[in-house]
Amino acid sequence: MPSPAWELLLPAASAPARARGRSLQAALREAVRSGRLAPGTRLPSSRDLAADLGVSRGLVTEAYEQLTAEGYLRSGRGAGTWVGDAVRAAGPRARDLAPRSADARADFVPGTPDVSLFPRAAWAAAQRGVLAELPHHELGYPDPRGLPRLRTALAELLARRRGVVADPERIVVVSGVAQATTLLGSVLHARGMREVGVEDPGSPQHDALYAAAGATTLPLPLDEEGLAMGPLRESGVRSVVTTPAHQFPTGIAYSARRRTELLDWARSVEGVVLEDDYDGDFRYDRAPVGALQGLDPERVAYAGSVSKSLAPGLRLGWLLVPESLAEDVVERKRTMDLGHPALDQALFARFLERGDYDRQLRRCQRAYRERRDTLVAALEEHFPGAEVTGIAAGLHVIAALPERYGPQERFLARVAAAGVAVRPLRDYGHARAGDGNRPGVRLVLGYAHLSPTRIRAGVRLMAEAVVDRRGTASTGR
């Protein structure tokens, strides 16, 4: 019987005859790399190891010679074979750097959909259908814009649901709004637009995304109608990023007047507006307002994705570009990654064509509307006087709590100690200092990823952390 030290080679020894030599070499190599065979370990003679493993001596001799040539082993005439000291045992390498929320009893951090709503059965059926019907040539390098079938299906969807002017020739399939932002930013930078205006408060990702494209961002304030036009006109920028259907994070919808003013500004400076329609499908009190792009497709680039409707991990989105930018954007997409994966595109095209995506949107709409209603009711119950601002839409609310629950820093410290993860509105602005001691509390509360039961329990935990047993806000003194 082989000794315990060599039992790790038994699977290789039992491999099919043609693969046995390669398997033995691979097993020995991995044993040295992993440290299971430490430097300086003396290996059995080829005769003894062959007998232990039940293989030919020539197979072991060949393995020893190959690994000696590679530096894993060393040998000397009459001195035997030893594990060399050139290899260092490798530690675990596969770290998971995916963003994760803190380990909290209740997590109201915004931006996350409920991925448990992902339609696994319908997706699997679409995948089987695509694998059965996809022509071989479509598994080659795709059109960098995307498969014509998917761009056609997307054009129909976006025109019908979001009111865009959708030419399939000007749709570019991307890995999400982040890539769409970087693509457009690099093209604008190459055309001399080195600074891009961004909403303040707004998405914290824009700075890094535009920096990757070589551009800088300029924070521009909002008013009750949307991006404030005075500071925008005075800024000197010729491109700006907006979320007009449901501004992130304030939750307002741009007024009709502000949408018109924004387009007039873009025409006057020969500029470009990037419309980030990150959750435009989710409006709960009325039909969603149509996309800004539909009013002037030559001045507005439109970006969206399935991250909020299906799952962020699919990395699938779209960018609809003005004709004047289309050629440059497509060429930049080509040099960036040679196009989005063809199989994923064909699968999503089938999902759209069969009506599965519309059904998924309706399912999410029902679930997210119920969860928003639950959150608003829980805040009214546990924080009397709390005001929820912004339109009834999207995946988060802005909650303004009365002054008695502040100052904000003390409130945040107490709910964090109770295991409740929340984000204050100030975290999404560029002028973030100075409001920690304001008497009131303004929070951005995400709810889409939480069940109604967890929403109610989380708000109750938050209230218990800051309200004393008499039902009044604790002063901490």
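The values are calculated or read from the model by the stated rules, or taken from the named source; none is laboratory data. All of these numbers come straight from a predicted model, not from anything done at the bench. Cβ atoms come from the backbone with ideal geometry, glycine included; neighbour counts cover every protein chain shown. For accessibility, only protein heavy atoms count, side chains too; no ligands or nucleic acids. Shrake-Rupley method; radii C 1.70, N 1.55, O 1.52, S 1.80 Å.
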If I take R0 = 51 Å and measure r between the Cβ atoms of L97 and A17 in this structure, what FRET efficiency does the formula 1/(1 + (r/R0)^6) give, to the nearest 0.05? 0.75
Could you work out how far apart the two model spin labels at A190 and V115 are, taking each label as a point 7 Å from the Cα in the direction of the beta carbon, and quote it in nm? 3.4
Inter-centroid distance (Cα atoms) of segment 187-214 relative to segment 279-300, Å: 22
Could you please state how large a percent of the accessible area of segment 271-411 is carbon and sulfur, counting protein chains only and using a 1.4 Å probe? 46
Could you give me D for the chain, from Stokes-Einstein at 10 °C and 1.306 mPa s, where the hydrodynamic radius is the Kirkwood radius over C-alpha pairs? Units µm² s⁻¹, please. 60
Can you give the relative contact order of segment 305-453 as a percent, counting alpha carbon pairs under 8 Å and 6+ residues apart? 21
Between helix 57-70 and the chain, what is the angle of the helix's C-alpha long axis to the longest principal axis, kept within 0 to 90° and rounded to the nearest 10? 50
If you filter segment 240-300 for trypsin sites (Lys or Arg not before Pro), then keep DSSP loop positions with at most 11 other Cβ within 10 Å, what is left? R286
Taking a probe of 1.4 Å, how large is the accessible area per residue of the chain, in Å²? 48
Segment 41-111: equivalent-ellipsoid semi-axes (sqrt of 5 x gyration tensor eigenvalues, Cα, Å): 48, 15, 10
Rh_Kirkwood(segment 1-156) over Cα pairs, Å, one decimal, evaluates to 21.1
Using Cα centres only, tell me the gap between segment 1-60 and segment 95-138 in whole Å. 42
Quick check: the angle from helix 356-382's long axis to the longest principal axis of the chain, C-alpha only, nearest 10 degrees? 60
When only C-alpha pairs under 8 Å and at least 6 residues apart count, what is the relative contact order of segment 344-410, in percent? 21
For segment 306-429, the spread of Cα positions along each principal axis, largest first, Å: 56, 32, 29
Can you work out the FRET efficiency for the pair L343 and R286, with r the C-beta to C-beta distance and R0 = 41 Å, to the nearest 0.05? 0.60
How big is segment 191-322 in terms of Cα radius of gyration and Dmax, in angstroms? 14.2, 42
Cα-based helix-to-principal-axis angle, 120-133 vs the chain, degrees rounded to 10: 60
